[in-house]
Amino acid sequence: MRLITKAATGVCLAMVLGIGGWAAYAQSPSKPEITRKEILNTALDGLKGYDGVMYITDIPPGMAAPRHLHPGYEFNYILKGSVSYQPDGKKGFTLNVGQGTYNPANQIHKVWNPSKTEPAQLVAVLIKETGKPLAVPAP
């Protein structure tokens, strides 16, 4: 009888640990990713066929966006951390809090957070043709 009780206790313990492990796995945060939150999108009076879009981009530590372009004129201002830019055919550079940059329309570039520990955040203003997306993967 003791052997059966010990076996049953072992099975129950294994089930509890297994369920607890699964619950911890199911509740673990997903892989961090770069996010873009649009905060304003409006037609521009006086620039028929163009919209002004303002958005916040959050870049987790060490994350990089693949090469892409914006079908419009982009202005960036660093709110938090550091952001590195590598425009195709040009020298790369890193911006820190309080610095800004201009990215010409359709300039293919790569962007990343050079810090392995600190998140980065920027606000961007994009002046683009109405109906065009915010970003397009590089060809």
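Each reported figure results from applying straightforward, stated rules to the coordinates on display, with no laboratory input. It should be emphasised that the depicted structure is a prediction, and the values quoted were computed from it without experimental measurement. Positions of Cβ are generated from backbone atoms using ideal geometry, with glycine treated the same way; all protein chains shown enter the neighbour counts.
Which ranges mark the strands (runs of 3 or more DSSP E) fully within the range 35-74 that have 2 or more residues being closer than 24 Å to Thr94 by Cα and small (Gly, Ala, Ser)?
Result: 64-69.
Please go through the range 53-96 and pick out each residue that is small (Gly, Ala, Ser), more than 12 Å from Trp112 (Cβ to Cβ) and either surrounded by fewer than 17 Cβ atoms within 10 Å (Cβ to Cβ) or out of contact with any strand residue (DSSP E or B) (no Cβ under 9 Å at 6 or more places or on another chain) (or both).
Listed by number, the list holds a single entry, Gly89.
Please specify each residue of the range 94-139 satisfying the condition of being among the basic types (Lys, Arg) and closer than 16 Å to Ile59 by Cα.
Hits for the range 94-139 are Lys110, Lys116.
I need the full set of residues from the range 97-113 which are buried (at least 16 other Cβ atoms within 10 Å of the Cβ) and not polar (S, T, N, Q), in order please.
Residues satisfying the conditions are Ile108, His109, Lys110, Val111, Trp112.
What are the pairs with Cβ atoms under 6 angstrom where one residue, in the range 118-139, is touching a residue at least 24 places away in the same chain (Cβ under 8 Å) and part of a loop (DSSP other than H, G, I, E, B) and the other, located anywhere, is surrounded by fewer than 18 Cβ atoms within 10 Å (Cβ to Cβ) and β-branched (Val, Ile, Thr)? Sequence gap at least six, or different chains.
As it stands, the answer is Ala138/Ile108, since those pairs meet every condition given.
I'd like to know if the range 58-73 contains one or more residues that are touching a Ser or Thr at 6+ places or on another chain (Cβ under 8 Å) and at positive phi.
yes
With the requirement that a residue be charged (D, E, K, R) and either farther than 24 Å from Thr130 by Cα or within 14 Å of the chain's Cα centre (by Cα) (or both), what does the range 60-95 give you?
Arg67, Lys80, Asp88, Lys90, Lys91
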